Amino acid sequence: MIYQGDSIRVEFVEDGIAELQFAAAGSVNKFDQKTLEEFSQALTKLANSNDLRGVIVTSAKPTFIVGADITEFLTLFADVEQTKVWVAKASRVFDQLEDLPVPTVAAVAGFALGGGCEATLACDYRVVDTSAVIGLPEVKLGLIPGFGGTMRLPRIIGPDNALELITTGKNNKPEDALKIGLIDAVVMPEKLREAALRMVKSAADGELDWRAKRQPKLEALKANDTELTMTFVTAKAMAAAQAGKHYPAPHAAIKAVEDGAKHGREEALKAENAAFVGLTQTDSCRAQVGIFMADQMVKGKAKKAAKQATKEIKRAAVLGAGIMGGGIAYQSAYKGVPVVMKDIRQEALDLGMAEASKILGKLVERGRMDHKKMAKVLSSITPTLLDDGVKGVDIVVEAVVENPDVKGKVLAQMESVVDDDTIIVSNTSTISIDRLAKNLKDPSRFCGMHFFNPVHKMPLVEVIRGEKTSDETVAAVVAYASRMGKTAIVVNDCPGFLVNRVLFPYLAGFAGMVDEGVDFAGIDKVMERQFGWPMGPAYLSDVVGIDTADHCTVVMADGFPSRMPRDTSSAIAKLASAERYGQKNGKGFYNYGVDKKGRPAKEKAPEVYEMLGIGDKQLDAEEIIARCMVPMVNECVRCLEEGIVASAAECDMALLYGLGFPPFRGGPFRYLETVGLENFIALADKYAHLGEMYQVTDGLREMAKSGKSYLAG
């Protein structure tokens with residue numbers, strides 16, 4: 001044994017050939033600070049080993065190395081000087097691997113991401129099996145590669161390919177990695193270790209020129225000035241178009257590669273270190289790392305619930321076969337849970353099947369599915385007009401019209417048909433689960449399961465616990481949502497639940513400005529381009545449906561009459577009364593049609609300006625953002641204080657996945673803490689005269705006074 005640590009062991013496996021194996025105690029290998037220290041110690045031992053002819057780098061796990069230990073980041077990055085020391089020291093460990101006086105071969109199975117990919121880049125050769133996934137996804141955390149990735153990758157696959165991979169964070173399957181020269185060979189899993197040994201021995205015996213393979217990584221980029229200029233101009237234009245101004249990491253990655261292009265390894269690495277440290281101090285990085293941590297927490301809760309579930313969902317039913325019902329049925333069947341789709345009208349069943357077929361057809365067109373799989377998924381959906389068709393299912397998802405009386409009758413009817421242990425859920429977006437539960441004899445097996453449209457694209461499912469919902473029911477529904485490929489967040493019952501409850505104060509803030517004569521298109525422009533929403537509030541209202549939004553104001557007013565009173569003279573109510581329902585009938589705040597090339601198009605509706613009395617009144621961007629966001633954040637705080645949502649992190653993830661909250665802002669609570677609690681309170685107080693939804697809670701004032709954080713722990 002050459003070296004034995006807690007996460008790494010090194011030993012000779014053949015004459016002169018050593019194996020450096022990552023074997024962490026946990027489920028995966030990752031570069032935490034302790035592992036990096038062990039890595040350095042192991043490489044020092046190897047460098048000083050007598051009779052060493054070659055090294056293979058392997059993993060004792062089914063996957064290679066998933067990257068750095070992100071759980072350490074927020075604490076580590078809080079001290080910029082500490083971060084500078086850490087990244088400089090850590091990145092030089094990979095130089096130790098690259099500088100070993102013998103050939104090195106990485107043998108990769110499963111994921112080699114971030115630092116895991118960078119470890120392979122420091123080797124002379126890379127051989128992978130067919131399960132491998134290789135990439136540098138750091139930009140998704142608001143960062144760039146920090147262990148030499150921006151320096152080595154351009155010298156291995158060329159700057160054009162390297163910049164595309166680094167700035168997009170794209171993962172690569174073996175066939176794609178081989179095409180661009182990122183890897184040297186692909187073998188079947190059972191042949192991986194043998195292939196790595198054969199390759200390193202060939203290099204040690206002089207059959208492969210490993211020194212020539214290594215040398216370009218130590219020097220300046222081999223490209224002339226004109227080529228490099230074109231490369232960087234193109235990359236900057238692509239980053240500006242795709243990432244925009246809110247995501248600094250892709251731009252910093254390009255600068256790091258550019259600054260190091262004409263230098264050898266050490267100077268290029270200094271450029272990378274400087275760019276990396278700068279990014280660690282940005283709000284975008286803190287937000288995106290926070291999202292990763294929150295996502296892991298939410299998924300961990302879902303896994304725990306799945307383990308606790310006493311009932312497995314093997315067969316499902318959906319009641320209501322419209323666009324939503326068809327989408328739910330498709331998602332269940334696509335993920336391997338056969339589903340019965342029930343409706344009272346044949347045309348509705350035809351629409352539901354057509355919706356599923358349309359989604360599958362697009363997958364086939366894009367090469368992501370073959371016709372055989374498409375047929376299999378469609379055959380897993382059984383349309384029926386008969387109540388008896390749902391007998392024997394494990395769960396029934398009610399997705400009929402958003403009317404409490406209609407839903408109540410359908411739920412009661414289904415309870416009389418299905419087995420006594422069948423779980424019944426309602427895909428309602430606003431109606432109280434406790435109210436609907438009164439229609440059932442056994443409310444313990446009933447809860448809400450709120451999907452978002454379009455179902456196959458939106459990752460969130462709100463699982464709404466009613467007063468009498470059992471823990472077993474919640475666990476089984478969360479497990480089913482996870483199996484459907486969704487992120488399930490459990491919330492308690494209230495009007496609008498979590499996502500829609502906090503959305504309506506946001507839309508009310510928007511509507512208040514329009515009612516004062518402010519241009520809705522100007523508001524959309526600010527909220528999209530400056531705040532970062534995928535669509536502004538006017539466009540969002542059109543997409544949701546003006547009639548739907550107007551109906552929901554009734555529900556919210558019933559639940560929160562003083563804070564969210566219904567205003568029949570508001571912009572939303574006026575458009576609904578004029579039957580301007582948004583995208584669904586081609587006219588809302590905007591008019592919808594197609595352009596000359598047949599693509600969907602929207603334009604401002606002049607008649608809406610006249611109808612609503614909108615003139616040329618302008619507000620500055622800061623006021624527009626405040627008047628939209630203060631009510632939303634305040635309502636999020638109330639939901640947390642009332643126990644509607646269990647944690648600030650879960651609220652952040654719900655709005656990210658359910659509404660498209662700008663990821664670079666990290667969610668409403670991350671946004672609140674970035675602004676600063678005291679600053680936010682001062683901002684809200686400035687607009688407190690506009691109504692209760694602008695008035696902060698006593699709990700928020702106390703949090704600010706005591707210096708506490710909603711995201712601590």
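Considering only residues of the stretch 324-364 that are of a type in the set (Lys, Arg) and within 25 Å of the chain's Cα centre (by Cα), which is modelled with the highest pLDDT? Quick ask: steps written out before the conclusion?
Restricting attention to the stretch 324-364, the residues satisfying the condition of being of a type in the set (Lys, Arg) are 335, 342, 345, 358, 362.
Filter again for within 25 Å of the chain's Cα centre (by Cα), leaving 335, 358, 362.
Working: Lys335: 96, Lys358: 90, Lys362: 91.
Residue satisfying both the conditions and the ranking: Lys335.
Quick check on the stretch 231-238. Is at least one of its residues closer than 14 Å to Pro145 by Cβ, modelled with pLDDT of 95 or more and either assigned to a helix (DSSP H, G or I) or among the charged types (D, E, K, R) (or both)?
no
Consider the stretch 64-88. How many of its residues are touching an Asp or Glu at 6+ places or on another chain (Cβ under 9 Å) and either surrounded by fewer than 16 Cβ atoms within 10 Å (Cβ to Cβ) or part of a helix (DSSP H, G or I) (or both)?
Residues flagged as touching an Asp or Glu at 6+ places or on another chain (Cβ under 9 Å) and either surrounded by fewer than 16 Cβ atoms within 10 Å (Cβ to Cβ) or part of a helix (DSSP H, G or I) (or both) within the stretch 64-88 amount to 3.
Among Ile614, Ile644, which is the only one that is under 24 Å from Pro534 (Cβ atoms) and either buried (at least 22 other Cβ atoms within 10 Å of the Cβ) or not hydroxyl-bearing (Ser, Thr, Tyr) (or both)?
Matching residue, one of Ile614, Ile644: Ile614.
On the basis of being over 30 Å from Glu528 (Cα atoms) and either touching a residue at least 12 places away in the same chain (Cβ under 8 Å) or touching a strand residue (DSSP E or B) at 6+ places or on another chain (Cβ under 7 Å) (or both), does Lys170 make the cut?
So Lys170 fails the test.
Which residues, counting only those in the stretch 653-672, are surrounded by fewer than 22 Cβ atoms within 10 Å (Cβ to Cβ) and either more than 15 Å from the chain's Cα centre (by Cα) or outside any helix (DSSP H, G or I) (or both)?
Listed by number, the residues that qualify are Gly660, Pro662.
Can you find even one residue in the stretch 408-418 that is surrounded by fewer than 16 Cβ atoms within 10 Å (Cβ to Cβ), at pLDDT 90 or above, part of a strand (DSSP E or B) and not acidic (Asp, Glu)?
no
Quick check: is even one residue across the stretch 518-540 surrounded by fewer than 19 Cβ atoms within 10 Å (Cβ to Cβ), among the charged types (D, E, K, R), more than 24 Å from Arg665 (Cβ to Cβ) and assigned by TED's automatic domain parsing to the domain that holds Glu610?
Taking every residue of the stretch 518-540 in turn, none turns out to be surrounded by fewer than 19 Cβ atoms within 10 Å (Cβ to Cβ), among the charged types (D, E, K, R), more than 24 Å from Arg665 (Cβ to Cβ) and assigned by TED's automatic domain parsing to the domain that holds Glu610.
Could you say whether any residue in the stretch 420-441 is out of contact with any His (no Cβ under 8 Å at 6 or more places or on another chain), crowded, with 24+ Cβ neighbours inside 10 Å, small (Gly, Ala, Ser) and in contact (Cβ under 8 Å) with a residue 40 or more places away in the chain?
Checked against the condition, which is being out of contact with any His (no Cβ under 8 Å at 6 or more places or on another chain), crowded, with 24+ Cβ neighbours inside 10 Å, small (Gly, Ala, Ser) and in contact (Cβ under 8 Å) with a residue 40 or more places away in the chain, the stretch 420-441 yields no hits at all.
For Glu462, which of the numbered conditions (1) within 23 Å of Met632 (Cα to Cα); (2) charged (D, E, K, R); (3) not in a strand (DSSP E or B) fails to hold?
With respect to (1) within 23 Å of Met632 (Cα to Cα); (2) charged (D, E, K, R); (3) not in a strand (DSSP E or B), Glu462 is out only on (3).
Just the residues that are acidic (Asp, Glu) and either closer than 14 Å to Lys602 by Cβ or outside any helix (DSSP H, G or I) (or both), please, taken from the stretch 506-547.
Glu516, Asp519, Asp524, Glu528, Asp542
Condition first: outside any helix (DSSP H, G or I) and either touching a strand residue (DSSP E or B) at 6+ places or on another chain (Cβ under 9 Å) or not small (Gly, Ala, Ser) (or both). Now tell me which residues in the stretch 471-485 satisfy that.
Met484
Of the residues in the stretch 493-513, how many are of a type in the set (D, E, K, R) and buried (at least 24 other Cβ atoms within 10 Å of the Cβ)?
Summing the residues that are of a type in the set (D, E, K, R) and buried (at least 24 other Cβ atoms within 10 Å of the Cβ) in the stretch 493-513 gives 1.
Among the residues of the stretch 290-323, how many are surrounded by fewer than 24 Cβ atoms within 10 Å (Cβ to Cβ), of a type in the set (A, V, I, L, M, F, W, C) and more than 25 Å from the chain's Cα centre (by Cα)?
Number of matching residues: 2.
Does any residue in the stretch 307-319 that is acidic (Asp, Glu) come within less than 8 Å, Cβ to Cβ, of a residue that is in a helix (DSSP H, G or I) six or more places away or on a different chain, and which pairs are these?
Listed by first residue and then by second, the contacts come to Glu312/Ala476; Glu312/Ala479.
Considering only residues that are surrounded by fewer than 19 Cβ atoms within 10 Å (Cβ to Cβ) and over 16 Å from Pro62 (Cβ atoms), look in the stretch 192-203 and name the one that is nearest to the chain's Cα centre (by Cα).
This residue is Glu194.
Identify all residues within the stretch 25-35 that are farther than 17 Å from Ala106 by Cβ and either among the aliphatic types (A, V, I, L, M) or without any contact (Cβ under 8 Å) to a residue 24 or more places away in the chain (or both); write none if there are none.
Ala25, Gly26, listed by residue number.
Condition check ((1) surrounded by 17 or more Cβ atoms within 10 Å (Cβ to Cβ); (2) outside the structural domain of Leu436 (by TED's automatic domain parsing); (3) part of a strand (DSSP E or B); (4) in contact (Cβ under 8 Å) with a residue 60 or more places away in the chain) across all residues:
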{"residue": "Gly325", "(1), (2), (3), (4)": "yes, no, no, yes"}
{"residue": "Ala329", "(1), (2), (3), (4)": "yes, no, no, no"}
{"residue": "Ile344", "(1), (2), (3), (4)": "no, no, no, no"}
{"residue": "Asp350", "(1), (2), (3), (4)": "no, no, no, no"}
{"residue": "Gly367", "(1), (2), (3), (4)": "no, no, no, no"}
{"residue": "Val377", "(1), (2), (3), (4)": "yes, no, no, no"}
{"residue": "Pro383", "(1), (2), (3), (4)": "yes, no, yes, yes"}
{"residue": "Val393", "(1), (2), (3), (4)": "yes, no, no, yes"}
{"residue": "Asp405", "(1), (2), (3), (4)": "no, no, no, no"}
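The values are calculated or read from the model by the stated rules, or taken from the named source; none is laboratory data. Note that the structure is a prediction, hence the values are computed from the model and not measured. Neighbour counts run over all protein chains shown; Cβ positions are idealised from the backbone, glycine included.
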